[in-house]
Amino acid sequence: MKVVIVIPTYNEEGNIGRLLDLLALELLKINGHEFNVLVVDGNSTDQTREIVNEKSAQYSFTHLLKEEGKEGLGSAYVKGFDYAIKNLGAEVLIEMDADFQHDPKDISRLISEIDNGFDCVIGSRFVKGGSIPKEWAFYRKFLSFGGSIFTKIVLGLYDIHDFTSGFRATKVKGFIDKIDFSQALSKGFAYKINLLFKLHKLGAKIKEIPINFGLRDRGNSKMEESNFLDSLKVVLLLRYKESQSFFKFLAVGFAGLGTDFLIFNLIRLTPVGSKYASIISGFIAMVVTFLLNNSWSFSDRKIVSLATKLKKFVLFSIFSCVPITFRSWLISFSAHKISDTFLVVNGAFFVGILIGLIWNFTVYSRIIWKKEKNG
Ligand code: GDD
Ligand code: MN
């Protein structure tokens, strides 16, 4: 396969020449693939470009893509990927840093997992056998490891351990070429999280292999303080976009709950009693939530025709009756078995609501407002 190693640089004169020399030796050892190296330079103020130009005269696999300025790591990769696919025929793209924190010897291990059928291979610092520099200050270790745990939990991707590793190999066909990079949430380091999440959503078979993430050889890190907040923003935005319907459903649920709660407690004190009060309040809340969910929470799958609306509302009512009936049973059960007091009755009311929420969201999103299978 045609593999292009994309290496972004900004002021890497101390590293890039030696790295290209080392790559020339390493890449020779890997059989069955054609390698090119694309350096994407963010208008370095040192000798980086001159060095890469010299090396590209020496090694035909070396190419230089010049950016007009330093626009961030994510930006550099997007341009690099595009160039590599269009001009170098890339079928596999490797992301790699210029400062020797990634060992060129590990490239063959990344590639052999691609050969084994994986679509994306991550050189991972947080799987058994992987490591981050022990010289790192506690706060940096904490941010790096803690950040990955946080991302894992918030995005619900429990089988991935290293979301921000800068050393990865990914197949172009069906994966990189399916991603709309103009929609990227970050131009900086956090694009890594964004990209990996999209690959996962595209169904990529992802494999992590352990790497020892070394210390930077020469020069300084370009990671800025703002990177932390940027990553946090990307993770939360991805979560929000992923479950937008759910958050709106929750908000609609709260509006419904308010109506329900108020009407319930008003009628409960009349001769109607707690049991029937909850049935009446539940039904009124149901009409309100159906309309709000249709026009807002699930607006991307909105039911328009009146006939379907009525049909779906009947279905919606039947399904929504299940938790209401259950709740009403739970309330009268608690009132009889425990005591008929405000605390007990409303306690049962809220437990019923919680179970109802889970039931309802599942039924609404999978049955009533079912997503068409094409996107
Ligand atoms: N063109 C371009 N533009 N290159 C850049 C830019 C930019 O804005 N910012 C950084 N680079 C280049 C650097 O010259 C280096 O080759 C590579 O991108 C990584 O930058 P470093 O400054 O070495 O980053 P780091 O070591 O702090 O971060 C590494 O580890 C992180 C996880 O701890 C990277 O691999 C990150 O991707 C990774 O998230
Ligand atoms: Mn680095």
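None of the figures in this text is laboratory data; all of them are computed from the coordinates on show. Keep in mind it's a predicted model, so treat the numbers as computed, not measured. Cβ coordinates were reconstructed from backbone atoms using ideal geometry, including for glycine residues, and neighbour counts include every protein chain displayed.
Whether any residue in the range 232-239 is more than 12 Å from ligand 1 (Cβ to nearest atom) and basic (Lys, Arg) is what I want to check. Looking through the range 232-239, at least one residue is more than 12 Å from ligand 1 (Cβ to nearest atom) and basic (Lys, Arg).
Could you tell me whether Lys134 is free of Cβ contacts under 8 Å to residues at least 24 places away in the same chain and surrounded by fewer than 19 Cβ atoms within 10 Å (Cβ to Cβ)? Answer is yes for this residue. Here the condition is being part of a helix (DSSP H, G or I) and within 13 Å of Lys222 (Cβ to Cβ); of Ser56, Ser75, Ser44, it holds for Ser75 alone.
Among residues of the range 138-157 that are farther than 12 Å from Val235 by Cα, those with a Cβ under 7 angstrom from a residue that is β-branched (Val, Ile, Thr) and not in a helix (DSSP H, G or I), sequence gap 6+ or separate chain, pair up as Lys141/Ile132; Ser144/Ile132. Can Val92 be described as within 16 Å of ligand 1 (Cβ to nearest atom) and buried (at least 20 other Cβ atoms within 10 Å of the Cβ)? In short, no. The residues listed here are Phe175, Phe213; of these, the one that is more than 27 Å from Gly69 (Cβ to Cβ), buried (at least 21 other Cβ atoms within 10 Å of the Cβ) and not small (Gly, Ala, Ser) is Phe213. Residues being within 18 Å of His102 (Cβ to Cβ), touching a residue at least 40 places away in the same chain (Cβ under 8 Å) and among the acidic types (Asp, Glu) are entirely absent from the range 57-71. Screening the candidates Thr289, Thr308, Thr325 for the property of being surrounded by fewer than 12 Cβ atoms within 10 Å (Cβ to Cβ) and at negative phi yields one hit, Thr308. Per the conditions (1) assigned to a strand (DSSP E or B); (2) loosely packed, with under 14 Cβ neighbours inside 10 Å, the sole criterion not satisfied by Val4 is (2).
Checking each residue of the range 84-94 against the condition of being part of a helix (DSSP H, G or I), more than 16 Å from ligand 2 (Cβ to nearest atom) and within 24 Å of Lys205 (Cβ to Cβ) gives at least one match.
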